[in-house]
């Protein structure tokens, strides 16, 4: 019981560490600081208001979707480090999605026990990994159209952690009209999984999670996890009989390394180890003291101190240090990004080696498109801005500004297209901040001939919408 309580505390710690940007819940926005480029081990949505790191599964899909002929070495390397070190220990101890399912499962109802059918369905997550995480993103990357399929069509963590938590904040009330059939489908998936989690232990982890599928491939080789002493094991099956996952033996690919089986083993054959160090179990195993060492109280205290210090650093860094410097705005002016305000002047280097200075285009309507190569709706609407540029060569200026969130090689990306309007990259985020840019993409901003904001909204546009908005600004 004490061991299970400790596991829950570590699960809660991991959830708080991944989502240490508490300021995001207060302001209704997401963290965009430097450490956002670092992947956390568990499934935790990038768009969650509290998230201080990237989800490894989302990062892998985006890397594959925008890879072209480049291998996503960084993401694959991070996943390999996590997998070799922890295996599915991440699922059992360090994943917020697993914690939510376990808490829901505690609701007192009749439960579905594992059987041959659930064991067969446990292989579904490998199919989802191959199709939605690897095949579809790679297929669309050939067409230079980013599509993180699992995140977009299935992931319940993205719906609950990202969409729902952002939309729950009053600041984002204007985003509700943007919701469509896709959000409705994902909302239904989330509700179904939460309801099923009441009756089925870790239903998402067992049957659907492709991140767990990746880690499971390394379960028997991971540095930290369950170890079975074959000399003591009698193959009685008590460990797997008491396990709620679809395991056939302790420590196999379905084992989430939770350690519950340790207490069920009557032969003291199961331990939870970090290399040669025993963390749990093996209390009566004294014969291998030269090869196996037990974690001491002092070492546990040091580990706890490091964990506490890491959490403190994450809280301070993500909540009290500025993510980016605010742009300088002249005193006593009405400069800003709201409708009716004068837009703050800016200068950006364009991808073709030139520069774009906003003030030089007074007397023309300026259309600014905030986008990213990894944003599917952004890429889909770029042809509309090209058409607008060609239709109004003398009185309308179009500029696409790439977000500073995970900046790809924009010039290389655009080499496969024939766009004639200028593109720029806001590498430090200052220009986008001065324009009232959001972390949600795409976003369109339109300025009249005097540089006054007439439109500033997040969401996709059509060519007809652009024509109407330009007419209104003329």
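Just so it is clear, none of the values below were taken in a lab; they were calculated from the coordinates. As the structure is a prediction and not an experimental result, all values here were calculated from the model. Reconstructed Cβ throughout: ideal geometry from the backbone, glycine too, with neighbour counts over all protein chains shown.
Quick notes
- Gain on full stretching of the segment that runs from residue 395 to residue 143 - 0.36 nm per residue minus C-alpha separation: 87.4 nm
- Computed [θ] at 222 nm, helices only, for the chain once each DSSP H run of length n ≥ 4 contributes -39500 (n - 2.57): -11000 deg cm²/dmol
- Distance between modelled label sites at residue 234 and residue 221, nm, 7 Å Cα→Cβ extension: 3.4 nm
- Share antiparallel - DSSP beta bridges, the range 347-473, percent rounded to 5: 60 percent
- Between 0 and 90°, nearest 10: helix 2-18 axis offset from the chain longest Cα axis: 10 degrees
- Note on the range 138-282: along the principal axes its Cα atoms extend 63, 38, 24 Å, ordered by decreasing extent.
- Computed from the Kirkwood radius of its Cα pairs, the Stokes-Einstein diffusion coefficient for the range 8-49 at 20 °C and 1.002 mPa s stands at 195 µm²/s.
- By average C-beta atoms within 10 angstrom, highest first, the peptides 427-433, 315-321: 427-433, 315-321
- Shape call, the range 347-473: gyration tensor on alpha carbons, a/c limit 1.5: rounded
- With Cα atoms, 0 to 90° folded angle of helix 181-199 axis to the chain main axis: 20 degrees
- Using a cutoff of 8 angstrom between alpha carbon atoms and counting only pairs six or more residues apart, the relative contact order for the range 347-473 works out to 33 percent.
- For the chain, the fraction of alpha-carbon pairs lying more than 36 Å apart is 38 percent, rounded to a whole number.
- The range 2-316: antiparallel DSSP beta bridges as a percent of all, rounded to 5: 75 percent
- Prolate/oblate/rounded call for the range 202-258, Cα gyration tensor, a/c under 1.5 rounded: oblate
- Prolate/oblate/rounded call for the range 141-197, Cα gyration tensor, a/c under 1.5 rounded: oblate
- 20 °C / 1.002 mPa s Stokes-Einstein diffusion coefficient of the range 5-77, Kirkwood radius on C-alpha pairs, µm²/s: 162 µm²/s
- Each peptide in 262-268, 368-374 was scored by the mean count of other Cβ atoms within 10 Å over its residues; highest first, the order is 368-374, 262-268.
- For the range 61-159, alpha-carbon Rg and Dmax in angstrom: 16.6, 52
- Cα pair distances in the range 1-137, grouped into 5 Å bins until the bin that holds the longest one, percent each: 2, 9, 14, 18, 19, 16, 12, 6, 3, 1, 0
- The packing ranking of peptides 82-95, 337-350, highest mean first, is 82-95, 337-350, where packing means the average number of other beta carbon atoms within 10 angstrom of each residue.
- Computed over the range 65-210, relative contact order equals 42 percent, with contacts defined as Cα pairs under 8 Å that lie 6+ residues apart.
- Contact order for the chain, expressed relative to its length and based on alpha carbon pairs under 8 Å spaced 6+ residues apart, stands at 15 percent.
- Pairwise centroid distance, computed over Cα atoms, of the range 162-204 with the range 407-447, Å: 29 Å
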